[in-house]
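The values are calculated or read from the model by the stated rules, or taken from the named source; none is laboratory data. Note that the structure is predicted; figures quoted are calculated from it, not measured. Quick reminder, even Gly has a Cβ in these numbers, built from the backbone with ideal geometry, and neighbours come from all protein chains shown. Surface accessibility is based on the protein's heavy atoms, side chains included, excluding ligands, DNA and RNA. Shrake-Rupley method; radii C 1.70, N 1.55, O 1.52, S 1.80 Å.
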Amino acid sequence: MSSVIAAKPVATTADETPKIAGGEMNAQSQEIDGFQLVIDALKLNGIDTIFGLPGIPITDLTRRLQRSGLRVVSFRHEQNAGYAASIAGFLTQKPGICLTVSAPGFLNGLTALAHATVNCFPMILISGSSEREIVDLQQGDYEEMDQLAIAKPLAKAAFRVLHAEDIGVGIARAIRAALSGRPGGVYLDLPAKLFPQAIDAATGKSTLIKVVDPAPKQIPAPDAVKRALDLLKLAKKPLIILGKGAAYAQADADIRALVERTGIPYLPMSMAKGLLPDTHEQSASAARSYVLPEADVVMLIGARLNWLLSHGKGKTWGGASAKAWGGQKYVQVDISPQEADSNVRIDAPVVGDIGPCVKALLAGIDAQWPKPPAEWIGAITERKTKNVAKMAETLAKNPSPMSFQSALNVVRDIVKANPDAVLVNEGANALDFTRSIVDMYKPRKRLDVGTWGVMGVGMGFSVAAAVVSGEQVIAVEGDSAFGFSGMETETICRYNLPVCVVIMNNNGVYRGDEINPTGGPDPSPLVFVKDARYEKLMEAFGGVGAHVKTPDELRRAMEEAIRSRRPTLINAVIDEKAGTESGRITSLNPAAKKKP
Ligand code: ADP
Ligand code: TPW
Ligand code: MG
């Protein structure tokens, strides 16, 4: 293998300080190698951060990326590096890059790539791969696998580069595919043999492409905009739903203007929380179960009518039966022309980038725009007031052990006092309670399990959020959820990131009090070691650990974490009897209704 990865003496590019290390550079040489072309192509396109895990054949690539000034964030497991890349893409509108080794490393990164595609986040998984001739004849190479074929169905696009002179095109195509239209995950296969390939330096550099306008702002058709406005204008009970596509689009001021000028109540999907402050008077979050069935015209902005919105039909929407349409008419603003009608009829699809679409809608809303009828707004306000009062009562309670609510009441205050902090959130009850209790005040500050409801994003998201934003991160984690990526506490400490992990520790998946019905020695599959001391994990790597049993202790520990910006893990002891099976989605669980 060493002959494969040992690079031939070649020239570096002009902007890289020449350093003789590993023999990859020679002032006399006129050649450039594959390693350097990959680095130059990424830099040329404004990529400044790589999330990954080194090994054959990309070890030298990680070193040389770092040496050439990119930030290389090295993880303990590729899945977490991949999740980091995916959310970096969401936060920055640049493709998040995850770099892995072949076969197992590639597969470890692949879950995150599929997650990026499903969530419409721009990401590129770059994996080294083994020798094509041996892989294709299945002759048993080191880490043999036809990675391109495996990635294809899970990625928005997948490419392989065999020759150094094609690196520029390969990276340009990957960037364009990840960012343009509906963003998604792209796989780029770079075989080991590509890296040391040396070609004439001038020729090599001339093959690099700086992608011009990688995400063209697609403009909606005027008649589509008019159709949408006509429908909205007639509505008696209009509603706007903002999804994470709206958060991704970074059209924050126009979206807020659209909501405020129309006066239409809005519901944010979980990662759209904070697009307008959750305390906004037009937010209908606290009256969700009232507005969905009651609304007559619903405008979706960057939100799909998937399971998270009960497919736009059924009881949630006032339908007579589980699959019945509730009678709503829909406007759907989306970049994907194929999204409309995927679940129910969309009467006014507005296809284009959310930025220009919202601007075009705004242009049609003047001072004469009819505000929604007072009865609709009044009815929503009434429900909201009642529900908020009920919630305040629960939050004020101080049970021992802590409940999810009494602990999250603290997190709610801390986030309110630190609105720039990024909140990462996963778990079942730990997710659902946090989403409804903790208000967000700014866009793209809430990062969670997304379209799949996937566990394991926590520490990868936290690392990426801290790295790309420089802001304090608060990760509210179920104890089970945390376990999927807990080893990255070492990564958080190694890079000294301002991440405060708060584990809602109820000793198990959903709750911690289940027992083995046979009376045998094995515990229930749903519970963990009782009173596990997760905080010691952070201490093991030089961070701060805290074991807290009361809201006051939790508050002090969180305040200290934010003041010090040190890596901190707070193990918050929650009543193990607190928690519902599958949180708020018990209805999706086939066994939940008839327990053995
Ligand atoms: P949520 O889970 O918050 O409801 P979804 O992931 O279901 O959101 O929907 C996001 C939608 O946003 C996708 O249909 C995607 O095509 C769309 N989208 C993403 N970026 C843009 C953009 N810049 N302009 C328009 N639509 C976008
Ligand atoms: C990759 C299934 C959904 S929620 C959850 C699991 C295992 C953990 C819930 O326990 P936690 O939260 O985190 O302690 P709480 O507060 O309710 O006790 N594997 C993957 N994704 C999912 N969604 C699962 C399994 C699941
Ligand atoms: Mg739990």
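Quick look at the values:
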item	result
Residues located in segment 428-439, provided they are open to solvent by 10 Å² or more (accessible area, probe 1.4 Å), away from ligand 1 (no atom under 16 Å from the Cβ) and either free of Cβ contacts under 8 Å to residues at least 60 places away in the same chain or more than 18 Å from LEU275 (Cβ to Cβ) (or both)	ALA428, PHE433
Some residue of segment 419-429 being outside any loop (DSSP other than H, G, I, E, B), more than 16 Å from ligand 3 (Cβ to nearest atom) and modelled with pLDDT under 95	no
Residues within segment 502-528 that are open to solvent by 10 Å² or more (accessible area, probe 1.4 Å), within 14 Å of GLY478 (Cα to Cα) and more than 11 Å from ligand 2 (Cβ to nearest atom), tallied	0
Count - residues of segment 320-360 that are over 20 Å from PHE121 (Cα atoms) and open to solvent by less than 20 Å² (accessible area, probe 1.4 Å)	8
Any hit, segment 103-119, residues being crowded, with 23+ Cβ neighbours inside 10 Å, within 16 Å of ligand 1 (Cβ to nearest atom) and not in a helix (DSSP H, G or I)	no
Some residue of segment 556-568 being modelled with pLDDT of 95 or more, within 19 Å of ASP479 (Cβ to Cβ) and within 16 Å of ligand 3 (Cβ to nearest atom)	no
Test: residue in segment 402-415 that is more than 16 Å from ligand 1 (Cβ to nearest atom), surrounded by 14 or more Cβ atoms within 10 Å (Cβ to Cβ), among the aliphatic types (A, V, I, L, M) and assigned to a strand (DSSP E or B)	yes
Output for segment 466-483, where each listed residue is over 23 Å from LYS416 (Cβ atoms) and within 12 Å of ligand 3 (Cβ to nearest atom)	ASP479, SER480, ALA481, PHE482, GLY483
Pair list, Cβ < 9 Å and 6+ apart or interchain, from segment 259-287 residues that are farther than 18 Å from PRO419 by Cβ and open to solvent by less than 10 Å² (accessible area, probe 1.4 Å) to residues that are of a type in the set (Asp, Glu) and more than 16 Å from ligand 3 (Cβ to nearest atom)	ALA287/GLU382
Qualifying positions in segment 478-501 - within 12 Å of ligand 2 (Cβ to nearest atom) and under 22 Å from GLY109 (Cβ atoms)	ALA481, PHE482, GLY483, PHE484, SER485, GLY486
Segment 211-249, residues that are part of a helix (DSSP H, G or I) and open to solvent by 90 Å² or more (accessible area, probe 1.4 Å)	PRO222, ASP223, LYS226, ARG227, LYS233, LEU234
Selection from segment 438-458 of residues that are of a type in the set (A, V, I, L, M, F, W, C) and outside any helix (DSSP H, G or I)	VAL438, MET440, LEU447, VAL449, VAL454, MET455, VAL457
Odd one out for ALA379 among (1) away from ligand 2 (no atom under 16 Å from the Cβ); (2) open to solvent by 20 Å² or more (accessible area, probe 1.4 Å); (3) more than 24 Å from the chain's Cα centre (by Cα)	(2)
Close pairs from segment 501-520: first free of Cβ contacts under 8 Å to residues at least 24 places away in the same chain, partner aliphatic (A, V, I, L, M), Cβ under 6 Å, at least 6 apart	GLU514/LEU526; GLU514/VAL527
Considering residues of segment 459-482 that are in a strand (DSSP E or B) and touching a residue at least 60 places away in the same chain (Cβ under 8 Å) only, the residue surrounded by the most Cβ atoms within 10 Å (Cβ to Cβ)	VAL476
Residue pairs meeting the criteria (Cβ under 6 Å; at least 6 apart or on separate chains; first in a loop (DSSP other than H, G, I, E, B), in segment 342-370; second within 12 Å of ligand 1 (Cβ to nearest atom) and open to solvent by 40 Å² or more (accessible area, probe 1.4 Å))	ASN343/HIS311; GLY352/GLN218; GLY352/ILE219; ASP353/LYS217; ASP353/GLN218
